[in-house]
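The values are calculated or read from the model by the stated rules, or taken from the named source; none is laboratory data. Just so you know, these numbers come straight off a predicted model, no measurement behind them. Here the Cβ is made from the backbone with ideal geometry for all residues, glycine too, and neighbour counts use every protein chain on show. With ligands, DNA and RNA removed, areas are computed over all heavy atoms of the protein, side chains included. Shrake-Rupley method; radii C 1.70, N 1.55, O 1.52, S 1.80 Å.
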Amino acid sequence: MTLDAYKAQYENYLACAEKGLARAADCYLPEQSEVCRAARYSLLSGGKRIRAILVLAVCDMLGGDMSAAEEFAAAVEMLHCYSLIHDDLPCMDDDDYRRGRPSCHKAFGESTATLAGDVLLTEAFETILGADAAPQIRVNAAKALAEGSGSRGMILGQELDIAWEEKSPTREILDEIHHYKTGALINAAVQMGAAAAQCKQEQCNILKQYAFDLGLVFQIVDDVLDVTATSEALGKPVGSDAENGKVTFATLYGTDGAMKLAQQINEENCKRMERQFGESAAFLVMLAQQLLNRKN
C-alpha cells in the first residue's frame with residue numbers, strides 16, 4: 001500500500017467514524033442537558049480516532065458488516081473520551097488542556113465533567129445495543145468493550161499506574177501497566193471490529209497480539225513525546241510524567257533507547273500480520289508504522 005492510498009483510506013474511515021459519533025451524540029446526548037453538552041464538547045473535538053479506525057479497518061479487512069462497525073467505532077470512542085475526561089480531573093492527572101483547548105473540567109467545572117464522563121461510559125454500551133446487527137454480534141462487541149475497559153482492562157491499568165507513581169517500576173512492571181492501561185482498550189477496538197465480521201477465534205487471537213503490541217508501541221512513543229514534543233504540537237501539557245515522578249519507557253531507556261525498543265516491537269508485529277493476513281493487512285501494517293513515527 002502506498003502512503004497516498006493509506007491516507008485516503010484513513011480519511012475514509014475517519015469520515016465514517018465522525019458520522020457515527022455525530023449520530024450517537026444526537027441520539028444519546030441531548031443538548032438540553034448541561035452534562036450532555038459537556039460530553040459533546042469533549043467527544044466531538046476531533047482527534048486521531050485511532051480506536052474507531054481500528055474497529056473499521058479490522059472489520060473491513062475481514063469482510064464484515066461496516067454499518068455495525070460504524071456504531072461500534074462510535075461506542076469505543078465514547079468510552080475512550082470518558083477516560084480522557086476523568087484522566088484530566090484534578091484528582092487524577094490535573095491537566096488543563098486536551099486536544100488544544102480547555103479540558104472538560106476547565107470548561108464546565110469538575111462536577112459536570114465527572115458526570116459527562118459517566119454518561120459517555122454508559123451511552124457507549126447503549127450505542128452498541130442500538131446497532132443494526134444480530135444480537136450475538138452486539139453481545140460480542142459489548143463483551144469486548146467491557147473486558148477492555150473494566151477491572152480486567154483499562155481501569156486495572158490506571159490502578160497500577162497510580163500505585164507505581166513515585167516508585168521505580170521495572171520493564172516488566174511497565175509492560176504490565178500499559179498492557180492494561182493502553183493495550184486493553186486498543187484490543188477492545190480490534191475485537192469489536194472482529195465481532196462485526198463474525199471473526200473466527202483463531203483470527204481473533206492473532207489480532208489480539210497485534211493490538212497489544214500496537215498499544216505498547218503507542219505508549220512508548222507517548223512517553224518519548226512527553227519529553228521531546230511541545231504542548232502546541234501535542235495539544236496537551238508535556239512534561240507531566242516527570243512532574244508526577246513517574247518512571248516511563250523514556251526515563252528507563254532514554255528517548256533513543258525507547259524508540260529503538262518501539263521499532264523492534266513494531267517490526268515484529270507488522271511481519272506477523274503480513275504472514276497471517278497477507279496483503280489484506282496492508283492498512284493495519286501501515287497504521288502501525290505511522291503510529292510509530294507520529295509527532296503528536
Inside segment 68-83, can you point out the residues that are under 17 Å from L185 (Cβ atoms) and open to solvent by less than 20 Å² (accessible area, probe 1.4 Å)? A69, F72, A73, A74, A75, V76, E77, M78, L79, C81, S83
Identify all residues within segment 244-270 that are open to solvent by 50 Å² or more (accessible area, probe 1.4 Å) and either hydrophobic (A, V, I, L, M, F, W, C) or farther than 25 Å from A163 by Cα (or both); write none if there are none. L252, D256, K260, Q263, Q264, E267, E268
Identify the single condition in (1) among the acidic types (D, E); (2) over 27 Å from N12 (Cα atoms); (3) not in a helix (DSSP H, G or I) that D87 does not satisfy, given that it satisfies every other one. (3)
Every residue from segment 250-296 that is more than 30 Å from G63 (Cα to Cα) and among the charged types (D, E, K, R): D256, K260, K295
Of (1) outside any helix (DSSP H, G or I); (2) open to solvent by 70 Å² or more (accessible area, probe 1.4 Å), I162 satisfies all except one. Which? (1)
Going by what's in this entry, would H105 be described as surrounded by 18 or more Cβ atoms within 10 Å (Cβ to Cβ) and either touching a Pro at 6+ places or on another chain (Cβ under 9 Å) or not in a helix (DSSP H, G or I) (or both)? yes
Consider segment 27-78. How many of its residues are under 24 Å from Q209 (Cβ atoms) and touching a Lys or Arg at 6+ places or on another chain (Cβ under 7 Å)? 2
Filtering segment 32-54 down to residues that are at pLDDT 95 or above, in a loop (DSSP other than H, G, I, E, B) and over 12 Å from H80 (Cβ atoms) yields Q32, S33, L44
For the condition crowded, with 16+ Cβ neighbours inside 10 Å, hydrophobic (A, V, I, L, M, F, W, C) and either more than 24 Å from A75 (Cα to Cα) or modelled with pLDDT under 95 (or both), what is the one hit in L225, L216, L156? L225
Quick test for you: out of D26, D60, D94, pick the one residue that is assigned to a helix (DSSP H, G or I) and surrounded by 15 or more Cβ atoms within 10 Å (Cβ to Cβ). D60
In segment 208-221, anything within 19 Å of R49 (Cα to Cα) and touching a residue at least 40 places away in the same chain (Cβ under 8 Å) is listed as Y210, A211, D213, L214, L216, V217, F218, Q219, I220, V221
For A124, all conditions in the list (1) under 15 Å from H80 (Cα atoms); (2) open to solvent by 70 Å² or more (accessible area, probe 1.4 Å) hold save one; what is the number of the exception? (2)
Looking only at residues in segment 130-174 that are closer than 19 Å to I220 by Cα and polar (S, T, N, Q), which one is nearest to the chain's Cα centre (by Cα)? Q158
If you scan segment 127-142, which residues turn out to be in a helix (DSSP H, G or I), of a type in the set (A, V, I, L, M) and open to solvent by less than 30 Å² (accessible area, probe 1.4 Å)? I128, I137, A141, A142
